[in-house]
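Here is the structure we will look at, set down as structure tokens.
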Amino acid sequence: MSILLDGLQALGASGMHTLRRIGRAHLLFVAMVGGVIDMLRKPGLLIAQLFSVGVLSVLLIAVAGLFVGMVLGLQGFYILSQFSAEATLGVMVAASLVRELGPVVTALLFAGRAGSALTAEIGLMKATEQLSGLEMMAVDPIRRVLTPRLYAGVLAMPLLAAMFSALGVLGGYFVGTGLLGVDGGTYWTQIAAKIDFNEDIVNGVIKSLVFGVVCTWIALFQGYDTVPTSEGVSRSTTRTVVHSALAVLGLDFVLTALMFGN
Amino acid sequence: MKSVSDPSDEKPLVRIRGLKFRRGSRVIFDGVDVDIQRGQVTAVMGPSGTGKTTLLKLISGQLRPDAGVIEVDGLNVHALNRAELYRLRMRMGMLFQSGALLTDLNVFENVAYPIREHTDLTESLIRKLVLIKLEAVGLRGAAGLMPSELSGGMARRIALARAMAMDPMMIMYDEPFTGQDPISMGALLKLIRSLNDAAHISSILVSHDVQETAAIADEIYVISNGHVIQHGTPERMMNSDDPWVRQFLHGLPDGPVPFHYPAPPLADDLLGEGG
Ligand SMILES: Nc1ncnc2c1ncn2[C@@H]1O[C@H](COP(=O)(O)OP(=O)(O)OP(=O)(O)O)[C@@H](O)[C@H]1O
Ligand SMILES: [Mg+2]
């Protein structure tokens, strides 16, 4: 009987703990978003963060996009040629990239590259009392430190995803025309004819905007809410990558169902 | 300019009444009254882990008491809204035990940070101000170093320069002497005293260095077990008959203050688990 009650109590306690965390995460989000006016007065902070969140991820995203596009070219050619539809290879590559792989793979890589770095940075700032130090200098650490990082992440994600898709299409082109003998002109004209701006590109951008908000939010919250020890920071960093990956894949399903469902 | 010649007839700068605070189930303060007089150096002493750092965080509004009132310059710290609290904090400096420098900025930029945040001074004026503050702590030559290139003692002196940067009305020092060699310790003692007298900055000084602190303090509070054990001038405290105060100020190993964090008897612990 008492084991049952203890179990129930533990369940309730961990449930409350989780709910509180979710509550804190939302409060933090509101506070970060509200810092935008303050941030626009010091655009240098945003630009510096765009560099460290965005520009430093460019190489990784570019190389990944190129390889994913090349694999799509190989696999797509193999399947399409069974139906003698090799000419539509360009459309297949471009549509998969713009609609799905661009936003999703970029977000997963972003969580691993930039998200974990954000968590570790903020977490260490907390552990070394830098955030309290800012508070004591009458500087709001949320507005000064977190807000520019949030907006930088949200702005960088669609740009990175666009680059991923563009390089992927190029990769597919090289493999298709160079290795497999698909006609280059057809590759491009098919893409131009069949990829719809609203249906494909806008929806892809919406996806990566959503992923940008979610991944950066998770990373910043995990850093800000970390237990201020080295172990705490290491756990938070891991949680950032795991939670971001799950959130991106889950949200991708929901968004895809909403956008392309009918 | 306000006269500090007779601080006794002014209201205290910091007034704490009935302060209660707990961390989880551990009671840190259980009804503490403290007055920090204007224009004085008030030392807060007590065994490690009694809550001296916690007291400074309560005064600066980083923590919220469970009961009691803390007033700074007549303002109830925990009844202020965020903007008012920030305005009050611009008049308080705090030297963290760890220094708390921003690791992505160099020494110069760290000291310049609060000035840049809160004023629109020109670059050349900021430069002069920062160099003066750095000169005061003897580290003008380190202006170009990054925090990771500083020793612990240097980092704390830079943090002191930063705490002075906005010319606050009071500075809270959390163990400023830890890790200082005798020379910089002497310089720091003189600096704290002269900031206090010349710039009229009231000081709250948390320190374990009894002799040095007693030499510059006007008032000493000894805190232990959640209570103020005794307070008074250094002479009165050093000659106190109270066994707690005697033990602490004279560093006697035996006495009412336990060296150990509360624990069951050692024998029980050793025999109990997996024995
Ligand atoms: N974040 C925290 N969470 C829980 N307990 C804490 C936390 N910070 C401090 N404590 C507890 O509060 C008590 C007082 O801590 P505090 O840091 O104020 O001590 P102190 O007097 O400054 O000690 P020292 O002289 O060693 O710096 C300690 O017993 C500590 O265990
Ligand atoms: Mg302390």
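All of the numbers you see were taken from the coordinates with simple rules; none came from a lab. In this text, all values refer to a predicted model and were calculated from it rather than measured experimentally. Every residue, glycine as well, gets a Cβ built from its backbone with ideal geometry; the counts of neighbours run over all protein chains shown.
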Report summary line: chain A, Gaussian network, Cα under 10 Å: of A:115, A:69, A:35, the residue fluctuating most is A:35
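Where nothing but the Cβ of Lys and Arg (+1) and of Asp and Glu (-1) is charged, how large is the charge dipole of chain B around its Cα centre, in debye to the nearest 20?
Details: 28 positive and 33 negative charges, 163 e Å.
That gives chain B a dipole magnitude of about 780 debye.
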Report summary line: With +1 on the Cβ of every Lys and Arg and -1 on the Cβ of every Asp and Glu, the dipole magnitude of the stretch B:145-268 about its Cα centre, in debye rounded to the nearest 20, is 300 debye
Query raised in the report: So which lysines pass the test for residue A:194, namely a Cα distance under 29 Å, with those fewer than 8 places away in the same chain ruled out?
Result: A:207
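If I take R0 = 56 Å and measure r between the Cβ atoms of residue B:270 and residue A:179 in this structure, what FRET efficiency does the formula 1/(1 + (r/R0)^6) give, to the nearest 0.05?
Values: r = 73 Å, r/R0 = 1.30.
The computed FRET efficiency comes out at 0.15.
Rounded, prolate or oblate, given the Cα gyration tensor of chain A, with a/c below 1.5 counting as rounded?
prolate
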Report task. Mind sorting A:93, A:227, A:248, A:154 by how few other Cβ atoms lie within 10 Å of their own Cβ, fewest first? Result -> A:227, A:154, A:248, A:93
Report summary line: Across B:143, B:161, B:43, the residue with the highest GNM fluctuation in chain B (Cα network, 10 Å cutoff) is B:143
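Within the stretch B:1-105, report the GluC sites (Glu not before Pro) that DSSP leaves as loop and that have at most 16 other Cβ atoms within 10 Å.
Working: sites: B:10, B:71, B:84; in loops: B:10.
Hits after loop and neighbour filter: B:10.
Multiply the residue gap between residue B:183 and residue B:67 by 0.36 nm, knock off their C-alpha separation, and tell me the result in nm, one decimal place. Mind dumping the intermediate values first?
Numbers: separation 116, 0.36 × 116 = 41.76 nm, distance 4.23 nm.
That works out to 37.5 nm of additional length.
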Query raised in the report: Of the listed peptides A:105-111, B:266-272, what is their order by residue-averaged count of other C-beta atoms within 10 Å, with the highest listed first?
Result: A:105-111, B:266-272
Query - Length-normalised contact order of chain A in % [C-alpha pairs under 8 Å, at least 6 apart] - result: 32 percent
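Once you average over the residues of B:157-163, how many Cβ atoms of partner chains fall within 10 Å of each Cβ? Intermediate results must be reported in sequence, preceding the final value.
Working: counts 0, 0, 1, 0, 0, 3, 3.
Counting Cβ atoms of other protein chains within 10 Å of each residue's Cβ and averaging gives 1.
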Query raised in the report: Order of B:260, A:26, B:200 from fewest to most other C-beta atoms within 10 Å?
Result: B:260, A:26, B:200
Query raised in the report: Say we join alpha carbon atoms closer than 10 Å with springs in a Gaussian network model of chain B; which of B:141, B:39, B:51 then has the biggest fluctuation?
Result: B:141
**Report entry** Other protein chain Cβ atoms within 10 Å, averaged over every residue that makes up A:137-144
**Finding:** 5
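So what is the 222 nm mean residue ellipticity for chain A from helices alone, if each DSSP H run of at least 4 adds -39500 (n - 2.57) and you divide by all residues, rounding to the nearest 500 deg cm²/dmol?
Numbers: 12 runs with 197 residues, N = 262.
My calculation for chain A gives -25000 deg cm²/dmol from helical runs alone.
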Query raised in the report: Can you pull the mean other chain C-beta count within 10 Å for peptide B:94-102?
Result: 5
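Taking loop as defined by DSSP and a crowding limit of 13 other beta carbons within 10 Å, which trypsin sites (Lys or Arg not before Pro) in the stretch A:23-108 fit?
Working: sites: A:24, A:41, A:99; in loops: A:41.
Answer in residue order: A:41.
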Query - Ranked list, fewest to most other Cβ atoms within 10 Å of each Cβ, for A:251, B:121 - result: B:121, A:251
Query raised in the report: What is the distance, in nm, between label points placed 7 Å from the Cα along the Cα-to-Cβ direction at residue B:81 and at residue A:20?
Result: 2.8 nm
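Among B:20/B:133; A:42/B:128; B:11/B:133; A:42/A:126; A:42/B:52; A:42/B:57, which pairs are too far apart, with a Cα-Cα distance over 26 Å?
Working: B:20/B:133 37 Å; A:42/B:128 23 Å; B:11/B:133 30 Å; A:42/A:126 23 Å; A:42/B:52 37 Å; A:42/B:57 29 Å.
From B:20/B:133; A:42/B:128; B:11/B:133; A:42/A:126; A:42/B:52; A:42/B:57, over 26 Å: B:20/B:133; B:11/B:133; A:42/B:52; A:42/B:57.
For a quick protection proxy, order the peptides A:6-19, A:131-144 by their average other-Cβ count within 10 Å, most packed first. Provide the component values of the computation, followed by the final result.
Numbers: A:6-19: 10.0, A:131-144: 21.3.
Packing proxy ranking, top to bottom: A:131-144, A:6-19.
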